[in-house]
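Encoded as structure tokens, the structure appears first; notes follow it.
The numbers here are math on the coordinates, done by the rules we state, and not lab data. Computed from a predicted structure; not experimentally measured. Cβ coordinates were reconstructed from backbone atoms using ideal geometry, including for glycine residues, and neighbour counts include every protein chain displayed.
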Amino acid sequence: MSEPRHRIIYDTDPGVDDSMAFFLAHTSPEIELLALTTIFGNGGIETTTANALRLVETVDRPDIPVLRGAAKPLLHAYDGRGAMVHGSDGLGDSHMPPASLQPANGQAAQFIAEQIMAAPGEITLVAVGPLTNLALAVSLEPGIADAVREVIIMGGAATVVGNASPVAEANIHNDAAAARIVFEAGWPLTMVGLDATQATIMSSAYLDDLYAIGNPATDFIARIVPFYHRFHTRQGVDGIYVHDSSAIMYAIDPTLYETRSAYVRVCLGHEGTRGQTIPDWRSQWRAEPACNVCLGVDAERLKAMYRERLIHGFA
Amino acid sequence: MTKVIIDCDPGHDDALAILLAGQHLDILGITTVAGNQTSDKVTANALKIVELMDRTDIPVFRGAQVPLLRKAIHAGHIHGETGLDGPDFPTPVKEVEDRHAVDFIVQTLMAEDDVWLAPVGPLTNVALAIRQRPEIVSRMAGISLMGGSLTTGNSTATAEFNIWFDAEAARIVYDSGAPIKMCGLNLTQQANATDREIERIRNQGNRVGEVVVQLLEFYLDAGERVTGVRKAALHDPCAVAALIQPDLLEFEAMHVSVETRGELTYGMTVCDYRHLRGFGSSQVDRGPLRQEANVEVAMKIDESGFLDLLIDALGRY
């Protein structure tokens, strides 16, 4: 493949599944990674920034800048519950040594706004954590809503129950006000939510085969996933849900997904509704803008692609 | 000289705040925020004002164009179509800087000690700066703002315009831990211009004063249409006066936060003065604070001293 289809700024809170998604992006010829911008979420901002640096160092890409992003949600407090799923270090309690790299100068949101304005129509944002950085960026520079090529987020739950509350998915729940801003911004937005990500399960056997590949990415994955896997086992899942990699997969090949377009309202938080994402399928609210909502996925093809990418990316 | 960044949405009273600051404070920059009028209009107005005062060395930076979550509802009924109706300003020659206002605020606070922020419009820029770079909260000298109220609102019964325009941003700023001096409506309605002040300014006979006279005549007329009283509260210069001559004001420390969900109270600054038992009566019994204080709320201003300070400053141009 000659030209990457997507030049991506990856906004991320690594995070076990964020790391798996990073390796997918790194090994996919359709994607050119321009930068990683970090966000609190699966861990605090110090943790997720340190982990983002570990990721670019692991694949020997110190040229990909890592910019530190927001430390707190816009309005409510950060609950820090990600450690339960991702370990106290955000990487499954693998306790890896710190990277020797440092974050780039500047703030993530400002960087996102400047990069998009400097290359209209060229840059895709893929955000797999709380949406604070994206909300700040579009508040700083509303023009990025027109200048961005596409915005793909992992977050939300359209037709299924939530994972952070009965109605809310964790990334949206972690900063509902930011999500409201992002869903109302009027940019070409795709929501890869629990409807698709929980329909994609990497089984224990699949993971064992992945660990056995034996390259720097799969070795890293083999160290961080078992903790995450045990969390899923306790939830009664055989294997792990494929959350963040699904957003990268959508960028690589949207035909993996069944989608439907609707205005999606993000609830800000009365009486337990914080972070609920309500699609208005029948346009009863007559509200805009529309969001492209992923509802179904070809999970088998996706998993085969993931494995194939991680093998050939290091061949 | 006290260093200050004036974050504003000019606006008639914003113009007076800048003119007052220009004589007594070291203005590092003026940052604009959508509020009284659109971002384009208030930014043009900021340029007009620095040209009027012959201080084109002061950089002007454009900031937030919309509130964080809500739709923008401007105040054209008070400030007119341009946001600065009244005088005929020449089209400004000076240009706005390339950098974003929020970036200027963040970088300035990180690089320089003892800088005050004087936000006299909606708090969108300050909120964006704090969420992007939380360290600025401990770097700054403090925030002297015009917004909110201990008592009545103006946009609604309970909400003052600057806070109501972007209550979520205000919530971020009030809850940030930054040291805040708040000149709310309860205070600024004690600092009024009338036809008498217009006459005093006119009699000083300078060109800047003549433009201010035209601004105040428009502002007084607009205010009178809304309130029925021919008095105009000089809101924004109060927050600047608090930095120049703090002894003109009396403050009371208390806890203040901002309502973002209320059905009747969106944008209200909820001031906890339970410790001032009998407040508003002749007998106030002062007890212990019920929540930790985060804001110095301005309670009283020496109106004649304030007007003397302002009119004197206008006469120096």
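Some values worked out for this structure:
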read-out	value
Loop GluC sites (Glu not before Pro), segment B:270-317 (other Cβ atoms within 10 Å of the site Cβ: 13 or fewer; DSSP)	B:E292
Gyration tensor verdict on segment A:6-312 (Cα atoms; rounded if a/c is under 1.5, prolate if a/b is larger than b/c, oblate otherwise)	rounded
DSSP beta bridges in the protein assembly as shown [antiparallel fraction, %, rounded to 5]	35 percent
Proxy reagent accessibility, fewest Cβ within 10 Å first, across B:S39, A:S203, A:S139, B:S282	B:S282, A:S203, B:S39, A:S139
Coordinate range along principal axes, alpha carbons of the protein assembly as shown, Å, largest first	88, 55, 50
Label point distance in nm, A:A205-B:E292, each placed 7 Å from Cα along Cα→Cβ	5.7 nm
Order of A:H86, B:H77, A:H76 under a 10 Å beta carbon neighbour criterion, fewest first	B:H77, A:H76, A:H86
Kirkwood-Stokes translational diffusion coefficient of chain B, alpha-carbon pairs, 20 °C, 1.002 mPa s, µm²/s	111 µm²/s
Cβ-Cβ FRET estimate between A:Q284 and B:D308, R0 fixed at 56 Å, reported to 0.05	0.40
Per chain B, cysteines lacking a partner by the 4.7 Å Cβ criterion	B:C8, B:C271
Average beta carbon contacts from partner chains per residue of B:55-68, 10 Å cutoff	2
Shielding by partners - mean other protein chain Cβ count within 10 Å, residues of B:125-131	5
Of all DSSP beta bridges in chain B, antiparallel share, percent nearest 5	40 percent
Whole-Å distance, taken between Cα centres, linking segment B:3-51 and segment B:251-317	24 Å
A:E271, A:E258 arranged by Cβ crowding within 10 Å, fewest neighbours leading	A:E271, A:E258
